[in-house]
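No value in this document is a laboratory result; all are computed from the given coordinates. Treat the numbers as computed from the prediction; the structure is a model and nothing was measured. So basically every Cβ, Gly included, is an ideal-geometry build from the backbone, and we count neighbours across all protein chains shown.
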Amino acid sequence: MKKISIISLLSLVSLVGCSTTPEQCDPRNTNLGIMDKISCNYSGNYQTRIDQKKKILENEQKANQQFKEIYANIEKQKNDTTLSLKQKQAQQNKLKQDLMKLTNEIKEKAKDRDDLQKQVNDIQQQFKQVNQSNKSEIEKQVELDKLNMKLQKLQKALNI
C-alpha cells in the first residue's frame, strides 16, 4: 500500500512537472502553488527561463553596443564636418581678402582707363552682392572663383 502511495505521488509530481512551462515558472509569480514550484524546479523550467532571459539580455547588449558604435560614428562625422566647414570658411575668407587686395591693386593701376575702372567697379559690386547673399557656401565659392577669373583677366590686360 505504501508503495502504491509513493508511486502515485511520484507519478502525480511527474505529471505536474510536465504541465508547467518556462513562462509559468516566473520567479515573480506569487500565485504558484507548492507543487508548481517543485515542478518548475525539478523539470528545469526555472533554468530554461533563466537561459532565455540571459539570451535576451545578451542580444540587447549587442544591439546597445551597435547603437553606441553608430552614435560614435555619427559624432565623428559631425566633428569632421564641422572642422571641414571651418577650413572651407577660412579658405573662403582668405580668397575674399585676396580678391579685395587684387581689386584695389587693379583699381589703382587702372586710374587712367575708364573702361577698366568700370569693370573693376562692376566686380566690386558683384563681390558685395556675393557676400551679402543667402546662398550656400559652395555657391558663394563658385561666384568668388568667377570674380577671381575676371580680375585675373583685368590683371593681364594691365600687364601687372
(request) Take C40, C25 and order them by how many other Cβ atoms sit within 10 Å, fewest up front. (result) C25, C40
(request) Filter the GluC sites (Glu not before Pro) in the range 39-144 down to the DSSP loop ones having no more than 14 other Cβ atoms within 10 Å, then list what survives. (result) none
(message) Please give me the summed charge of the neighbours of Q89: other residues whose Cβ is under 11 Å from its Cβ, Lys and Arg +1, Asp and Glu -1.
(response) +4
(message) What's the longest uninterrupted piece of the chain once you rule out the trypsin sites (Lys or Arg not before Pro) that are loop residues per DSSP with at most 10 other Cβ within 10 Å?
(response) 29-110
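Counting pairs of alpha carbon atoms under 8 Å apart in space and at least six apart in sequence, what relative contact order in percent does the chain give?
16 percent
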(request) Kindly write out, for the range 23-32 in residue order, the coupling ³J(HN,Hα) from the Karplus curve 6.51 cos²θ - 1.76 cosθ + 1.60 (θ = phi - 60°), rounded to whole Hz, with x marking Gly and Pro. (result) 5, 6, 8, 6, x, 7, 6, 8, 8, 6
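Which pairs in the list K68/K88; K107/K128; K76/K146; K76/K135; K88/K128 are over 24 Å apart, alpha-carbon to alpha-carbon?
Values: K68/K88 30 Å; K107/K128 16 Å; K76/K146 34 Å; K76/K135 27 Å; K88/K128 19 Å.
Table pairs above 24 Å Cα-Cα are K68/K88; K76/K146; K76/K135.
Taking every pair of Cα atoms in the range 44-158, average 1/r, invert it to obtain the Kirkwood radius, and report Rg/Rh to two decimals.
Working: Rg = 29.0 Å, Rh = 18.7 Å.
The Rg/Rh ratio comes out at 1.55.
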(message) I need the calculated FRET efficiency for the pair E60 and K88, taking r as the beta carbon distance and R₀ as 41 Å, to the nearest 0.05.
(response) 0.50
(request) Compute the FRET efficiency between E75 and D26 as 1/(1 + (r/R0)^6), taking r as their Cβ-Cβ distance and R0 = 45 Å, and round to the nearest 0.05. (result) 0.65
